Each structure stands twice: as structure tokens, then as C-alpha cells.
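This report refers to the structure that appears directly beneath it.
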Amino acid sequence: MKQMQGLDAAFVAFEQPNAPIHIGSIAIYDPSTAPGGFVRFKDILSFIRGRLYLAKSLRQRMVKVPFNIDYPYWIEDPNFDLEYHVRHAALPKPGDWRQLCILTARTFARPLDLTRPPWELLVVEGLDNVDGAPKGSYAILSKVHHAAIDGVSGVDLMKALHTATPEVDPIRQPDPWKPERMPSQLGMFARGYVRGFTNPLRQAQVAVQSLPGAVHVVKGAIKGDFDLASTLKTPRTRFNGKVSAHRVVDGKSFALADVKDMRALADGATVNDVMLSIVGGAMRAYLNEKGELPEETLAAMAPISVRAENEKNMMGNQVSAMRAPLGTHMDGAAERLAYVREETQKSKAMTNALGARQMAEMSKLSPALYMGLGARLYSQFGLANRIRPMFNTVVTNVPGPPSPIFSTGARLVNIYGNLCLLDGVGLGHVVQSYTDKITVTATACRDAMPDPARYAECLQESFDAHLVALGRAAAPTRPATKPRVRNAVARNGGVGGTHATM
């Protein structure tokens, strides 16, 4: 039995009926590379069962302390049932991308059962008309609670469930796994009660360790090196209110080589800067069409991994974050990228001054009881509709393997990430690289984005605008997007439009 860290416990506390806190992906496979040229559902079950020992988190469930007086624990689930976690479905004809996105959104909107290991896989066959995927391909939709996993440990989990070649080798290593007995509620309450007296000492230690970084940030703000005031100027958009329980999903796949070449548009730009600029261009176009484009730049929260080498294959989150302005007040792609590059450098400097690792450790300062209570009050009173946001969206970058990988002998064709949403954060983006491709996937509240296919087009148009700036494509014939006057709905933080059919 192992107790959760502060950030992991926070993700459990943040779980609300309208905002389940799980992340996941859409992984598309070509079964023609498997032995015999096909893959059966029972083959997938057998493959995963034989590799469970490579991913410890798959058989661990959370156990909450009575009255939430302390952080929850992880135990080896004595009732683990693989067939509960791995399920099977099929798309109706024509089996296209839109149908896959709708199924993903519906699946992703449903909370996980937190009395079991918090993950599910849905095998979806019938992908006969998805661009870039051969006819007869299948997908695996994954859902994993954020308390158990972050982006980097998610890559480790992906490696555990894949092989480097199509050949499926027989398992030669014995499985050392042993289930644990469920702890008694009385014993957990007593343990939490005792820890309640010692927690202030641990919290004081973390606070003292954080002081040098805080002093550096204050000094930097006084000198003008860091613009702390900008976080107080983040405009409100349709994505920054209370979220509904419904989700929409869509995304685009680009050539990784093109994105790497786009770095030349701004001195020192990185692939991450380019993708932030592309997202900024898409949000600018989408909100402008709604008449809701703010004059001030929008900003993203960009997670930063602080996971050490010796912490790989461990459960939980080792992440910090930085604020990344998206340059949505600029129409030109090259101009926006240069702005994003400059601002991300400032944000990285502030994160380094405070200490990314120390920022992650500061999550341990929150008492367990107050985290859950605070999350419930924030949701029930709709505070997201009243409090000015610190950022407008999330953009997380997950590096994938540079070479093809296989599962049950089937080649992974492409992968798209999915992100959890919170009240105040109704739009999230996952940037995922794999071999020679890079995808960006938007997960959004259906009320805030009733037309996800249009937003996907905005992502494509923003990518194309960067190609034009690079001289790789002709400029579009339509005029540049001039900011329109924000309408009253946008100023009041509401949303417009009708619901998409789901």
C-alpha cells in the first residue's frame, strides 16, 4: 500500500460529475502486419494479460480515507478483472473519422469506476474510411485517471503495451504481482488521524524549501524580468466557464518535418513554440468567427515534466507548469511565432527561478480535507463563471517514439491524445508526435464548442498559414482575419450556438 502524492490526491479531489479527471488517447492500428494479417479481440486480451507485469499501475486501485481526512492510497487490487477494463465495439458504416470522434467523445465523457483500477480500453473495429489508415484498421480508445498517470509515465505505459517488431514473443518472465487485502476503514481513519498531527511539519518543510525560489521570482518581478501582472489580465472566453458533462473531440495530423522547418520563422523557436503558435492561430480564427476575439492575447497552461529517470514506471504525476501566451492578438503566423517564442522564454525563466520540481512539491501543502471541499464549492457555486481565468486553455506536448511500434503484431498508424477538462478550462489540446507525424487533438465542452469539425479546420488553416509564411504554399484567397467586435454574450462569459448531435 502506497499513499498518493499531493498532486495525485488533488486530481482525485477535483473529480466532479461534470468533469471526470482522466486522460487518454485514440490509437489507430493496421492489423495487416500481425501474424496471419488480422487481429482478434481475444488476441488483444491475451497480449495485454501477458504484459501486465511491465506496467504496475494497471492492477492498482485507489482506496480513499474515511471523511477524506488524508490523501488516498494505492493498493494492488485483489479483485482485478482484465475483461472489465478491456472492452469491444464497432463503428457503423461508413466507419469514418467523424464517427470515431463522436464515439470517443461519448466514451470520454463517462467517469471511470474509482473502486477499480482507474483505466479502460475500448477496442473499436470498422475503421474503413479514416484518412491515413488502411481499410480494416481498428482503434483503441484509452482512459486513465490523471491521479495515476502524467504525460511521461503515459509514454512508459504505451511502451509496456507495445513491441518494437510485429513478432509477438512468448512471455518468458514470471509475473511477480501479488494482490493486497483491502485495508480496514477504521485502520485508515486512525492512520489519517495520526498523520494529521505530523502533516503540518512536512508542509512547513516544503514551504521552507520553496522560499528561495519565491524570493528569486519576487526579485525578478521587481527588476521587470518577469511579468506577473499579465496573469491578472487574461481575458475571459467561452471556454472559461463552468463545463457541462458532454464532450466533443477532433484533431489534425501534420508532417513532423514541416513543423520542424517552421522553427526557422523565429530565432530559437522550438517545435513546442510552433505548436503553441498554431493553436493560437486556430483559437484566434474560431473566436473571431463567433465575434468573440479579445483584444488581449489568450494564454495556455503548458505542463512541464519533472520526472527523474529513476521515477519511470512509477504511478502518479511529476509535473509542473508554465503559462504560455498564444499571440492571438496577432494575425501573421511568423509574427505570432516570434511573440510566442519570446514569451515562453520569459515563462521558462520564471519557472526555472522558482524551480519546476519545487513547484510540483508545493502541491503537498494542501490539506486533503480542504482540497475536496474546495473543489466541490468551486463547482457548485459556479465560481469559474465569476473568477478571471489565469489561462484559457491547456496545451500539453507528449513526445512519442520515433520508430514504428506494434501491439498484438498490428502497427500503430497514428495516435491522438485526449485531455480532461475542469470548470474554467473547457478546451484542452494534446500535441503528440509519432514517427514522422505530429497530431494536435482538441477536447472541449460541447456547450462551448458545438462545432468541433470547424475548430479542426481552424487548426489546419493555422498550420497552412505557417507553411505560407515559410514559402511552402500559396497564400489563401480569403482575406486575413480582422478582429470583430466582441458580442454581449462573449463579454458576459456565455456561449452561443446550438448543440451538435452526439
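Just so it is clear, none of the values below were taken in a lab; they were calculated from the coordinates. Because the structure is a prediction, the values reported are computed rather than measured. Every residue, glycine as well, gets a Cβ built from its backbone with ideal geometry; the counts of neighbours run over all protein chains shown.
For a quick check: with amide H placed at 1.01 Å from N, whose amide H comes under 5 Å from SER137's, ignoring anything fewer than 5 positions away on the same chain?
Under 5 Å from the amide H of SER137 lie the amide H atoms of LEU127, each far enough along the sequence or on another chain.
Once phi is turned into θ = phi - 60°, what whole-Hz ³J(HN,Hα) does the Karplus curve with 6.51, -1.76 and 1.60 give for every residue of the stretch 32-47, x standing for Gly and Pro?
Per-residue couplings from phi come out as 5, 8, 6, x, x, x, 8, 10, 9, 4, 5, 5, 5, 4, 5, 4 Hz.
Show the residues, 5+ positions off or on another chain, whose built amide H is closer than 5 Å to the amide H of LYS437.
Those qualifying (amide H under 5 Å, at least 5 residues apart or on another chain) are LEU256.
Running Debye on the stretch 234-281 with equal point scatterers at the Cα sites and no solvent, what base-10 log of I(q)/I(0) appears at q = 0.25, 0.27 Å⁻¹?
-0.95, -1.03
Skipping prolines and chain starts, which residues have an amide H placed within reach, meaning under 5 Å, of the one on MET322, given they are 5 or more residues away or on another chain?
Close amide H contacts, sequence-distant or interchain: ALA302, ILE304.
Using 0.36 nm per residue, how much length does the chain from GLN173 to ARG116 gain when fully extended, once their Cα-Cα distance is taken away?
Working: separation 57, 0.36 × 57 = 20.52 nm, distance 2.59 nm.
Additional length available on full extension: 17.9 nm.
Output the peptides 388-394, 16-22 sorted from most to least packed, where packing is the average of other Cβ atoms within 10 Å over each peptide's residues.
Descending mean neighbour count gives 388-394, 16-22.
Read phi for every residue in the stretch 438-446 and hand back ³J(HN,Hα) as whole Hz from Karplus 6.51 cos²θ - 1.76 cosθ + 1.60, θ = phi - 60°, with x for Gly and Pro.
Running phi through 6.51 cos²θ - 1.76 cosθ + 1.60 with θ = phi - 60° gives 9, 10, 10, 10, 9, 10, 9, 5, 4 Hz.
Determine, for PHE11, PHE189, the number of other Cβ atoms within 10 Å of each Cβ, and report the residues in order from fewest to most.
Ranked by crowding around the Cβ, least crowded first: PHE189, PHE11.
Is the shape of the stretch 1-68 rounded, prolate or oblate, going by the alpha carbon gyration tensor and its root eigenvalues a ≥ b ≥ c, with a/c under 1.5 for rounded and a/b larger than b/c for prolate?
Numbers: a/c = 3.60, a/b = 2.13, b/c = 1.69.
The shape class here is prolate.
Under the Karplus relation 6.51 cos²θ - 1.76 cosθ + 1.60, θ = phi - 60°, what is the ordered set of whole-Hz ³J(HN,Hα) values for the stretch 130-145, x standing for Gly and Pro?
Running phi through 6.51 cos²θ - 1.76 cosθ + 1.60 with θ = phi - 60° gives 10, 4, x, 10, x, 4, x, 5, 9, 10, 10, 8, 10, 9, 9, 5 Hz.
Which shape class applies to the stretch 1-159: rounded if a/c is under 1.5, otherwise prolate when a/b exceeds b/c and oblate if not, where a ≥ b ≥ c are the square roots of the Cα gyration tensor eigenvalues?
prolate
Past the 22 Å Cα-Cα mark, which pairs from LYS2/LYS348; LYS56/LYS159; LYS135/LYS252; LYS233/LYS346; LYS93/LYS135; LYS252/LYS348? Walk me through the numbers on the way to the answer.
Working: LYS2/LYS348 33 Å; LYS56/LYS159 13 Å; LYS135/LYS252 19 Å; LYS233/LYS346 16 Å; LYS93/LYS135 12 Å; LYS252/LYS348 27 Å.
Flagged as over cut-off: LYS2/LYS348; LYS252/LYS348.
Over the stretch 412-454, what is the mean sequence separation of C-alpha contacts under 8 Å (at least six apart), divided by residue count, expressed as relative contact order in percent?
Working: 60 pairs, mean separation 15.5, N = 43.
Across the stretch 412-454, relative contact order equals 36 percent.
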